[in-house]
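The structure appears below as structure tokens.
We did not get these values from a lab; they are worked out from the coordinates using the rules stated. Because the structure is predicted, anything quoted here is derived from the model rather than measured. Neighbour counts are summed over all protein chains in view; Cβ atoms, including those assigned to glycine, are modelled from backbone coordinates with ideal geometry.
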Amino acid sequence: MRSEMNQNGTAARNVRSPHTANSSHNTTISVLLKNAWVKRGISMISLLYAFYICILSYRSLLYEVVITKPVTFCIYLTFISLCALAAMLYTRHQIATKIASFIILPALLPIVIMCLGSWEMIIPLAICGLVIFFASGANEGTKTLLGTIYVLFYILTALAYFIFTTYLTSSAVKTTVESGVSPTGSYRYEVVDTNDSINGSTTVYLEPNDKDIVRSSVTYKAKGYDRALCVKRPLTDVKIEWKESDLYINGERWFTPDQAKKGKWFEKDLFSRLFS
């Protein structure tokens with residue numbers, strides 16, 4: 001009789017053992033996730049995300065952002081932002097996450113201003129930035145103060161940009177009538193017709209073609225390197241011809257790579273690229 005009871009008890013313990021193992025496994029994961037050093041390590045993701053936002057802002061200032069595949073780019077940014085947001089919400093009380101939550105919103109400003117209309121880029125980043133700013137474990141008074149400063153900063157910057165682009169830029173209408181790349185692929189040109197109050201002009205612009213940052217769904221086109229190679233008044237038809245890397249306009253040679261190298265045509269500093 002006792003032998004049968006012992007066997008039944010052993011069988012019962014064997015049946016319960018998987019549940020016991022699962023419970024032990026879950027307890028281990030729970031303890032691991034609550035570990036302070038684990039949270040500190042994961043909070044580094046928030047700083048990496050803030051750094052990524054800063055890189056995008058830098059590129060939006062110094063490059064023209066051309067989104068070649070809007071849906072793909074939006075999915076990519078959404079995935080990156082969701083992963084970062086999950087990590088930041090989990091570590092919202094860590095100092096690294098608090099710092100990142102204060103960096104992201106002001107770092108987004110150049111993207112919002114320079115890429116206005118590219119909502120597939122702005123919306124995922126803005127939603128992530130706003131959520132983590134309000135959900136972070138920072139002091140409520142600090143968030144209120146910084147939030148007010150950020151709103152004023154956005155308004156004043158947008159107003160200044162609007163005034164600059166509306167009233168301080170030329171009212172002449174520019175139209176690109178021709179563009180192309182040299183046979184070697186090293187340079188690209190544009191022929192631009194400008195309609196103004198003095199019968200207009202035709203300008204040939206030249207710039208290097210190897211300074212862009214090309215990704216699968218977006219291209220960051222370098223700004224500030226273009227040079228007005230030839231200006232003709234009034235509006236004139238021009239014939240562009242390449243002989244290797246030498247550029248001829250209406251049969252006359254106007255550009256050689258050696259000429260550009262000696263004259264440092266395409267060497268730009270940060271200031272000239274920013275305000276070109």
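Observations, loosely collected:
- Interchain or long-range residues, amide H under 5 Å from PHE255's placed H: LEU247
- Most mobile of ASN195, ASN35, ASN209 in a GNM of the chain (Cα contacts under 10 Å): ASN35
- In a reduced charge model with +1 at each Lys and Arg Cβ and -1 at each Asp and Glu Cβ, the chain shows a dipole moment near 1280 debye about its Cα centre.
- The angle between the Cα long axis of helix 95-114 and the longest principal axis of the Cα atoms of the chain comes to about 30 degrees, rounded to the nearest 10.
- Size of electric dipole in segment 35-166: Cβ of Lys, Arg +1 and of Asp, Glu -1, about Cα centre, debye, nearest 20: 360
- Distance between the 7 Å Cα→Cβ label points at ILE29 and GLU178: 6.6 nm.
- Calculated FRET efficiency for the pair PHE153/VAL71, C-beta based, R₀ 30 Å, to 0.05: 0.45
- Helical runs assigned H by DSSP (4 residues or longer) give the chain a calculated mean residue ellipticity at 222 nm of -19500 deg cm²/dmol, each run adding -39500 (n - 2.57) before division by the residue total.
- Anisotropy class of segment 35-166 from Cα gyration tensor, a/c 1.5 cut: oblate
- Residue of ALA160, ALA222, ALA96 that the Gaussian network model of the chain assigns the largest fluctuation, springs spanning Cα pairs under 10 Å: ALA160
- Take the Cα of TRP37, step 7 Å toward its Cβ, do the same at ALA228, and the gap between the two points is 6.4 nm.
- Candidate lysines for bridging to LYS39, where Cα separation is under 27 Å - those fewer than 8 sequence places away on the same chain excluded: LYS98, LYS143
- Phi-derived couplings, Karplus 6.51 cos²θ - 1.76 cosθ + 1.60 at θ = phi - 60°, listed residue by residue for segment 201-207: 7, 10, 10, 9, 9, 10, 8 Hz, with x used for Gly and Pro.
- Degrees between helix 70-90 axis and first principal axis of the chain (Cα, 0 to 90, nearest 10): 40
- Relative contact order of segment 57-169, pairs being alpha-carbon contacts under 8 Å that are 6 or more residues apart, as %: 34
- Magnitude of the charge dipole, segment 173-274, Cβ model with Lys/Arg +1 and Asp/Glu -1, debye to 20: 300
- Projecting label points 7 angstrom from Cα along Cα→Cβ for ASN199 and VAL214 puts them 4.2 nm apart.
- Between LEU77, LEU168, LEU229, the residue with the greatest mean-square fluctuation in the GNM of the chain (Cα pairs under 10 Å linked by springs) is LEU168.
- Phi-based couplings in Hz for segment 130-135 (Karplus 6.51, -1.76, 1.60; Gly and Pro marked x): 5, 4, 6, 5, 7, 8
- This structure gives volume of the Cα convex hull per residue in Å³, computed directly, and of (i) 141; (ii) 158; (iii) 204 that value is listed as (iii).
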